[in-house]
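The values are calculated or read from the model by the stated rules, or taken from the named source; none is laboratory data. Just so we're clear, the structure is a prediction, and the values are computed from it rather than from any experiment. All Cβ positions, even for glycine, are placed from backbone atoms using ideal geometry, and neighbour counts span all protein chains on display.
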Amino acid sequence: MHKLLKRIVAFLLPATLFGPSDLFAAVAVKKHRAAFTAFAYANPPFWIAKDLKVFEKYGLDVELVYVAGARNMQALIGGSIDFSQAGGASVVSAAAQGAEVVILGTVFKRLIFAVHATPQIKDVSDLKGKSIAAGSVGGNSYFAGQLFLSRFGLVPNKDVQFRALGGTPEVLSALQHGQVQAGVMSPPSTTIAARMGFRQIFDIASLDLPFPTISVASTRRFAQENPETILNVLRATSEAVYLYKTQPELTLPVVAKYMRVPKDDPALRESYESYGKQLDQYLRTSPEGIKFILDFLAEQRLTLKSKNPADFIDSRFVNKLEEEGFFKKVATK
């Protein structure tokens with residue numbers, strides 16, 4: 001009996017050298033491929049979850065890749081990625097066309113974009129016959145640009161030439177080189193643009209729309225077959241948001257790495273001030289935001305007007321995390 005007890009203690013002793021989170025990380029992790037859709041300062045949750053090993057803490061070995069705009073939905077549908085941090089508009093648009101993709105939670109709920117233009121553009125009406133640039137097709141910046149034009153009765157590629165570029169840096173570069181006369185941008189690039197003499201002619205954020213700007217998405221099939229994985233993805237995302245909001249000294253270097261800027265770049269702190277308070281660790285998706293997207297898309301496809309916004313959200317997982325008290329637990333760490 002004494003020898004048996006010794007063997008049990010010898011077997012268990014190494015495990016006692018680890019803390020609770022280390023023990024969790026020491027278990028076999030599942031390998032997955034995930035994506036994000038833009039190199040933008042509003043996108044840190046998945047970056048933080050990857051680089052600070054929050055995914056691993058929840059049993060996920062994640063290969064994180066960049067897949068821009070609408071191609072992100074194609075990658076989800078084709079199975080080359082399992083889940084994604086994506087623009088809600090692209091998820092709703094793809095699902096409205098029959099794709100089996102769904103929003104599982106939302107981390108950012110406003111369109112924080114502004115339109116800046118060359119000094120020759122004094123008013124929005126001056127854009128007629130000119131060019132405006134936004135991000136990749138299907139992305140938030142692209143959708144924000146389309147929304148901006150529709151609000152002023154301007155038809156893309158008829159009244160105004162509408163160009164889809166890679167992201168905010170490319171939009172600013174196109175402005176600098178005279179390739180376009182206006183651009184849709186987000187902070188801190190909007191501040192940089194203003195310093196360069198590109199005046200803001202409209203603040204899209206002033207519309208204050210409930211909008212699933214950045215959501216966690218997957219296919220319905222993957223979510224159905226891998227419920228625990230989805231729960232852990234949302235757990236990791238929520239904790240990453242909390243870390244960003246509360247520990248900038250730990251998380252801003254991660255943002256600097258992905259944005260390819262120095263760790264002391266003022267844009268890091270400026271973006272933290274702009275976006276930190278907007279990120280939501282509770283991950284609830286607003287049906288009103290989905291309805292807004294559907295109403296906009298219905299201008300081209302009237303049948304979408306009758307769609308139920310709840311059909312584009314799978315809220316089972318966020319509901320479960322709420323019921324088990326996970327979000328409160330994270331908020332009190």
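Within the range 156-168, does at least one residue satisfy the condition of being without any contact (Cβ under 8 Å) to a residue 24 or more places away in the chain and in a loop (DSSP other than H, G, I, E, B)?
In the first step, residues of the range 156-168 are kept if they are without any contact (Cβ under 8 Å) to a residue 24 or more places away in the chain; the result is 156-158.
Still in the list and also in a loop (DSSP other than H, G, I, E, B): 157-158.
Looking through the range 156-168, at least one residue is without any contact (Cβ under 8 Å) to a residue 24 or more places away in the chain and in a loop (DSSP other than H, G, I, E, B).
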Going by the conditions given, is VAL137 of a type outside the set (Phe, Trp, Tyr), free of Cβ contacts under 8 Å to residues at least 60 places away in the same chain and either farther than 23 Å from PRO45 by Cα or part of a loop (DSSP other than H, G, I, E, B) (or both)?
-> no
Inter-residue pairs, beta-carbon under 6 Å, first at negative phi and among the charged types (D, E, K, R) and in the range 276-291, second part of a loop (DSSP other than H, G, I, E, B) and modelled with pLDDT under 90, 6+ apart = GLU288/PRO210
Candidate set: the range 44-53, residues that are surrounded by 23 or more Cβ atoms within 10 Å (Cβ to Cβ) and touching a strand residue (DSSP E or B) at 6+ places or on another chain (Cβ under 9 Å); chosen: the one nearest to GLN281 (Cα to Cα) | PRO45
Is it the case that GLY325 is surrounded by fewer than 16 Cβ atoms within 10 Å (Cβ to Cβ), assigned by TED's automatic domain parsing to the domain that holds GLU56 and of a type outside the set (Val, Ile, Thr)?
-> yes
Which members of the range 99-129 meet the condition of being farther than 16 Å from ALA42 by Cα, touching a residue at least 12 places away in the same chain (Cβ under 8 Å) and not in a loop (DSSP other than H, G, I, E, B)?
-> VAL101, VAL102, ILE103, LEU104, VAL115, HIS116, ALA117, VAL124, SER125, LEU127
Restricting the range 250-282 to residues that are outside any helix (DSSP H, G or I) and of a type in the set (Asp, Glu), the one nearest to ALA240 (Cα to Cα) turns out to be ASP280
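Need at least 1 residues that are at pLDDT 75 or above and closer than 25 Å to LYS109 by Cβ per element, so show me which helices (runs of 4 or more DSSP H) inside the range 1-98 make the cut, counting only ones lying wholly within it.
Working: elements: 2-16, 20-26, 44-51, 54-57, 71-78, 88-96.
Answer list for the range 1-98: 44-51, 54-57, 71-78, 88-96.
With the structure loaded, tell me whether ILE214 is aliphatic (A, V, I, L, M), within 17 Å of ALA40 (Cα to Cα) and either buried (at least 21 other Cβ atoms within 10 Å of the Cβ) or touching a strand residue (DSSP E or B) at 6+ places or on another chain (Cβ under 6 Å) (or both) or whether it fails that test. Spell out how you get there, then give the answer.
Numbers: aliphatic (A, V, I, L, M): yes; within 17 Å of ALA40 (Cα to Cα): yes; either buried (at least 21 other Cβ atoms within 10 Å of the Cβ) or touching a strand residue (DSSP E or B) at 6+ places or on another chain (Cβ under 6 Å) (or both): yes.
Yes, satisfied.
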Tally the residues that are surrounded by fewer than 16 Cβ atoms within 10 Å (Cβ to Cβ) and in contact (Cβ under 8 Å) with a residue 40 or more places away in the chain, restricting the search to the range 217-227.
-> 3
Listed by first then second residue, the pairs whose first member lies in the range 62-73 and is surrounded by 15 or more Cβ atoms within 10 Å (Cβ to Cβ), whose partner is basic (Lys, Arg) and in a strand (DSSP E or B), with beta carbons under 9 Å and at least 6 positions apart or on separate chains, are VAL62/LYS31; VAL62/ARG33; LEU64/ARG33
What number goes with the only condition from (1) modelled with pLDDT of 85 or more; (2) closer than 25 Å to VAL261 by Cα; (3) in contact with a Lys or Arg (Cβ under 9 Å, 6 or more places away or on another chain); (4) not acidic (Asp, Glu) that MET196 does not pass?
-> (3)
Would a scan of the range 170-181 turn up a residue that is in a strand (DSSP E or B), surrounded by 15 or more Cβ atoms within 10 Å (Cβ to Cβ), within 24 Å of the chain's Cα centre (by Cα) and in the same structural domain as ALA134 (by TED's automatic domain parsing)?
-> no
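Would you say GLU249 is farther than 19 Å from GLU56 by Cα and at pLDDT below 95?
Working: farther than 19 Å from GLU56 by Cα: yes; at pLDDT below 95: no.
No, not satisfied.
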The one condition in (1) more than 21 Å from LEU104 (Cα to Cα); (2) out of contact with any His (no Cβ under 7 Å at 6 or more places or on another chain); (3) assigned to a helix (DSSP H, G or I) that GLU239 fails to fulfil = (1)
